[in-house]
Amino acid sequence: MKKQLLPGLIAFFVIFIIGGTFWYFTRPSPPVAPASRKNETTPPPPPLVGSQDVPKPPEGFAELKDNNRTMRESLRKDLKEKFSEIIKRLETEPGDSALWVDLGSIKYAFDDFNGAEDAWKYAIEINLLADAARMNLAALYQYKVPNYPEAERMLRMVIENNPPDAIRVYAELFDLYRYRYSEKAHLAEGVMLEAYRRYPAEHAILKTLAWYYLEQKNEARAIEYFEKYLEKDPTDVSAQEELARLRQ
């Protein structure tokens, strides 16, 4: 059985992969700006898409290509409505990178992977800290449009930006090396040890490495990491039992 550092983890921020479909969190409409106060100036309205204040958006971004023939109709209807709402908001909020992330997520749900990629890349172009877009691109390059070097690059960039839950990004990078990027499979252990140095209280990382080496049929290294893990958490019964089995 595949052992995960964080079971059920695939992606985070604004989307999930559910049955092969990217989902999104509905974002509330922005609050109405208050009236001007004395000695205060009203900020100018946001630039329109295509103005000189924002880069030119991806060609065809306002078109929804429906390539998903298996989506249930109720979901199809909801997503199309959400897509129309986002396009409408982009007329006045073209620089909102989160809207572009959501747009890409919907395009992904309709199996328009090129459109999703363009939207997420644009989100990064207008906001260099758009890590949600990078995580989504990493997932796209792992699961739908294989490009493992780019998936690796995106995950590394997120780690460098030091998000509060970077341990999840390490887990994604670990799985990339572990299951897909065979040319760099030898880096899997190092990624988890890097994560452990950064999060020394997360002893489950050691258990993850023990199971990893068990999968690799390297019982000596599996024993080594089970022992290290049990030094930190001696109450884990399942790890105790597995270590006892390996020592027989």
Worksheet item: Whole-Hz Karplus ³J(HN,Hα) for region 94-103, in order, using 6.51 cos²θ - 1.76 cosθ + 1.60 and θ = phi - 60°, x for Gly and Pro?
Response: x, x, 7, 5, 5, 5, 5, 5, 4, 4
Practice prompt. Could you tell me the number of lysine pairs in region 77-227 with C-alpha atoms less than 18 Å from each other, where the two lysines are 8 or more residues apart or belong to different chains?
Written response: 10
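Since every read-out is calculated from the coordinates, none of them should be taken as a lab result. Predicted model only: the values in this text are computed from it and were never measured.
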